[in-house]
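K.L.:
Quick one: the structure is below, questions incoming.
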Amino acid sequence: MSAKPVITIAGAGLVGSLLSLVLARRGFSVEMFERRADLREHQIGAGRSINLAISTRGIHALKQVGLDADVMKYAIPMRGRMIHSKNGDLSLQPYGISDDQCINSISRQILNKVLLEHAEATQKVRIHFNGKAANVDFDSKVLTVFDEDKKVRTKHQFDVLIGTDGYASTIRTEMMRGSDYHCSIDTLNYGYKELTMPAAKGGGYLMEKNALHIWPRGTFMLIALPNFEGSFTCTLFLPFEGPVSFEKLQTPADVHQFFSSEFPDAFNLIPNLVQMFFENPTGHMDTVKCGPWFRNDDALLIGDAAHAIVPFFGQGMNCGFEDCSVLNELIGDAGEEIDWAQLFNRFYKKRKDNTDAIADMAVENFVEMRDKVADSRFQLEKAVEKILEKRFAGKYISRYGLVTFSNVDYQLAFQAGQIESELLAALCQGIESAESVDLKMAEHLIKEKLSPLFKAQLGHQ
């Protein structure tokens, strides 16, 4: 294969668009196919956005292509979780130990538009809209694309094919037909429904702007993320079946009673809530684990196509963008004569364990968000954790901090989180307030249990 093959990308969503820009900056010509119409000219369908929370990993990837400032001017910092109780009480749980440690709410459509515009501006990326990947003949290196509007199939020769076509990836399905490939798809028994809380009359926000709002209710929850123009995108996460579930919300009266009793403050701020509930689709959430992500030297999966995760750590897009960062660095290390099979293998080995780790942590964080955040014992442990992060800066870094405010391996964050959970349980035994924590005991436990992990993987104690 030549040093500069034409790269074909299936999927012009967030990861595909960023990847096309990365490759163009590296001097590659890119042909990118997207099943949807051009979102710069058409609105994304209502009810399926799940607002994005961009954090350190995603910002780092944007910085590599010089787009961090262009994107972040549309983002709204969220400094913590604003917890809403049923009686209307509010409490803020900060994400970090300083105001600059925050996650950032951004519109999926705005971010995708920025990426597409800059990709096309390189003049090395051609985007073919209304072109869904239908099947792949790997032997002849032909991608068949279906135009759903025109009902026409066309064939496209490729040198290297990269699937960024999401959790229901056609490219993955085609690759997994081989005997050496495996794939598991775990569907969460929860669905989600999106609703919009409008901006205040005359502009502004009806709730605290700089927070991710959560109404935790044990087995279900409502969340809300701020939008740039003053509205909030609210998302209800609810079991599909059971005593409190989507199957029980069949009539307008059911929905009215449910929201007014469980989320009264939100209910009063969302006009036409019942109408929106029935108009907007009910989404489902999958965890995809598969491997390997590549086929010889001619095909690769990245982003959700390779490792879709549930959205409860806010890392789906950040993880996909980190894929682009890692691939970019590996291409740079490879030099002019790239051995693509070797490159893909290195990428897979570098990312697989890490993406499995964040997939597991995302499911764990779902339980934390819907249930534990309102638990007094959990709140005590988190308050103690904040003290430890400040008192033992650099020696104690929470799992959340490692995932969200750093670029360290997800696998390290997973392992650290397991140790920290045991450490916090021990430190909180028999105390009623965070200020009563035994700091000498904490220092000893950190040195004994946590420092060896950080020293081995980060090079410091």
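K.L.:
May I ask you to sort 147, 339 by Cβ crowding, counting other Cβ atoms within 10 Å and putting the fewest first?
P.N.:
339, 147
K.L.:
Shape verdict for the chain, please, from the Cα gyration tensor: rounded (a/c under 1.5), prolate (a/b greater than b/c) or oblate.
P.N.:
Oblate is the answer for the chain, as a/c is 1.5 or above yet b/c matches or exceeds a/b.
K.L.:
Could you order the peptides 7-18, 322-333 from most to least packed, using the average number of other C-beta atoms within 10 Å per residue?
P.N.:
Taking the mean over residues of other Cβ atoms within 10 Å, the ranking is 7-18, 322-333.
K.L.:
Residue 349: which lysines have alpha carbons under 17 Å from its alpha carbon, excluding same-chain residues fewer than 8 sequence positions away?
P.N.:
289
K.L.:
I want the antiparallel fraction of DSSP beta bridges within the chain, as a percent rounded to 5.
P.N.:
75 percent
K.L.:
Tell me, what is the percent relative contact order of the chain, built from C-alpha pairs under 8 Å that lie six or more residues apart?
P.N.:
Across the chain, relative contact order equals 18 percent.
K.L.:
Straight-line reach from residue 4: which lysines have Cα under 20 Å away, leaving out those fewer than 8 places along the same chain?
P.N.:
Those lysines meeting the cut-off are 124, 141.
K.L.:
Could you list 321, 366 so that the one with the fewest beta carbons within 10 Å of its beta carbon is first and the one with the most is last?
P.N.:
Ascending number of Cβ neighbours within 10 Å: 366, 321.
K.L.:
Order the peptides 27-36, 349-358 from the highest to the lowest mean number of other Cβ atoms within 10 Å of their residues.
P.N.:
27-36, 349-358
K.L.:
Sort 129-139, 226-236 by packing, meaning the average of other beta carbons within 10 Å per residue, with the highest value first.
P.N.:
Descending packing order for the listed peptides: 226-236, 129-139.
K.L.:
If you don't mind, another one. Between region 10-86 and region 237-273, how many Å separate their Cα centres?
P.N.:
31 Å
K.L.:
In whole percent, what relative contact order does region 400-459 give with Cα contacts below 8 Å and a gap of six or more residues?
P.N.:
Worked out over region 400-459, it gives 30 percent.
K.L.:
Cross-link partners among lysines for residue 209, C-alpha distance below 28 Å, same-chain residues fewer than 8 apart left out?
P.N.:
By straight Cα distance, residue 209 reaches 63, 73, 86, 113, 193, 201, 372, 382, 386, 390.
Every number here is computed from the coordinates shown, using simple stated rules; none is lab data. Small disclaimer: the values here were computed from a predicted structure and weren't measured. Glycine also receives a Cβ, built like all others from the backbone with ideal geometry; neighbour counts cover every protein chain displayed.
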